[in-house]
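What follows is a set of notes on a single structure, which appears directly below.
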Amino acid sequence: MKILIVEDEVKFSDYLRQGLSEAGFVVDLARNGLDGHHLAMTERYDLLILDVMLPDVDGWRILKSLRESGRQVPVLFLTARDSVDDRVKGLELGADDYLVKPFAFAELLARVRTLLRRGAVTATETTLTAVDLELDLLSRRVTRAGRRIPLTTKEFALLELLLRHHDEVLPRSLIASQVWDMNFDSDTNVIDVAIRRLRAKIDNAFERKLIHTVRGMGYMLDTTGKV
Ligand code: CA
């Protein structure tokens, strides 16, 4: 598993590189945004760890370039700023997870493993379908009515969860624990933003809506057409 770290703080980035190398990962390190951007766009990685605040090309711009070019590699953001606005901005650009500095290395390692595990396929069934929506777990392709729909890693996990439990109401707390591996009780906004993005991709262009809000309860993917 190959990981790219883009982080300009020398001691901190050395510490991350050493820790992840000791944990068995192959690690590339870029100490500025320009090098990081170049590596992210030309090399193949299983995961990117991006610092938001970089002196030249910031983490957001790197992420934006990646997603605009269709690269679905999972991205973990490191940010010193713990504001909802920053987190929402990152999510909207297609980030998969966040860590706010300072954090324990064990926490980083846990998040990295979760993101990589999600990228690997262990399921025996390879396709999930609902109405005209199809999600291929092996190729990680999603189509609706035969039309390809590019999703971020997080959106894919969210859609996979909704599909596996179609026609069941999924509470936000369940979505938070299953898709984000964390408790978002105090910040359900993150889930709502992700659902909104997913809906825009899955439902906006189609008359028949599949993803529904069940007021006060959560979300549901409906295959009956009765909602
Ligand atoms: Ca920095």
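The values are calculated or read from the model by the stated rules, or taken from the named source; none is laboratory data. Note that this is a predicted model, so its numbers are computed, not measured. Cβ coordinates were reconstructed from backbone atoms using ideal geometry, including for glycine residues, and neighbour counts include every protein chain displayed. Ligands, DNA and RNA are stripped out before the accessible areas are found, and what is left, the full protein with its side chains, is counted by its heavy atoms. Shrake-Rupley method; radii C 1.70, N 1.55, O 1.52, S 1.80 Å.
What the table below lists for this structure:
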read-out	value
Counted residues, the stretch 190-218 - those being open to solvent by less than 10 Å² (accessible area, probe 1.4 Å), more than 16 Å from the chain's Cα centre (by Cα) and at pLDDT 95 or above	4
Candidate set from the stretch 1-15 (those that are away from the ligand (no atom under 12 Å from the Cβ) and crowded, with 16+ Cβ neighbours inside 10 Å); member that is modelled with the highest pLDDT	4
Residue in the stretch 127-135 that is open to solvent by 20 Å² or more (accessible area, probe 1.4 Å), assigned to a loop (DSSP other than H, G, I, E, B) and modelled with pLDDT of 85 or more present	yes
Strands (runs of 3 or more DSSP E) completely within the stretch 16-104 that count 3 or more residues being open to solvent by less than 20 Å² (accessible area, probe 1.4 Å) and within 16 Å of the ligand (Cβ to nearest atom)	47-51, 75-79
Evaluation of residue 138 against (1) modelled with pLDDT under 85; (2) loosely packed, with under 14 Cβ neighbours inside 10 Å; (3) more than 28 Å from residue 69 (Cβ to Cβ); (4) not aromatic (Phe, Trp, Tyr) (one fails), failing number	(3)
